[in-house]
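Data block below; observations after.
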Amino acid sequence: MATAVNNQPKQKVILIDGECILCTRFSKLVLRWDKKGQFLFSSRQSEQGRVLLREFALPPDLDSILYLEDGQLFSYSTAVLKVLPQLGGFWKTLRLLLLVPRPIRDGVYKGVAAMRYRWFGRQEEAVFCELPSP
């Protein structure tokens, strides 16, 4: 059985840049549409976020939303396209974008990520959305 953060099985964890306004808007969108309450959130600047980054040998300044499900980590466009279809309804149609070759999807994602602070701004302090303790 795969385990995730805090040794809790079957978690669906979304790790965001807590200083990024676009990232926090993504989190709010997921929270609003997640009727099953299936996702947990953390910022990469939080203690649990830093632990997760170390666990997967990732740099603390990685320009990607990360999605951890059943011990498997997804990044860049794949992370977003794994999360949104699980919200149900019209969000399911976004699953089709996984058919676009990953280098193309990730190229677009990385372009937006590089400009996100300029386009959407930056929060003065990181938003810390800690995962619950076991």
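Some notes on this structure:
- Checked against (1) surrounded by 13 or more Cβ atoms within 10 Å (Cβ to Cβ); (2) more than 23 Å from Q123 (Cα to Cα); (3) touching a helix residue (DSSP H, G or I) at 6+ places or on another chain (Cβ under 6 Å), S43 passes all but a single condition, namely (2).
- Counted residues, the stretch 8-29 - those being under 10 Å from the mean Cα position of the chain (by Cα), assigned to a helix (DSSP H, G or I) and hydrophobic (A, V, I, L, M, F, W, C): 2
- Close pairs from the stretch 33-53: first under 12 Å from Q86 (Cβ atoms), partner β-branched (V, I, T) and part of a strand (DSSP E or B), Cβ under 8 Å, at least 6 apart: F39/V13; F39/I14
- Of all residues making up the stretch 75-127, the number that are in contact with a Ser or Thr (Cβ under 6 Å, 6 or more places away or on another chain) and of a type in the set (D, E): 1
- Filter result for Y76 (at positive phi and surrounded by 15 or more Cβ atoms within 10 Å (Cβ to Cβ)): yes
- Of all residues in the stretch 98-118 being at pLDDT below 90 and in contact with a helix residue (DSSP H, G or I) (Cβ under 6 Å, 6 or more places away or on another chain), the one that is nearest to K36 (Cα to Cα): L98
- Selection from the stretch 44-87 of residues that are assigned to a loop (DSSP other than H, G, I, E, B) and out of contact with any Asp or Glu (no Cβ under 9 Å at 6 or more places or on another chain): F56, A57, L58, P59, P60, D70, G71
The values are calculated or read from the model by the stated rules, or taken from the named source; none is laboratory data. Model, not experiment: these values are computed from the prediction. Here Cβ is always computed from backbone atoms with ideal geometry, including for glycine, and neighbour counts include all displayed protein chains.
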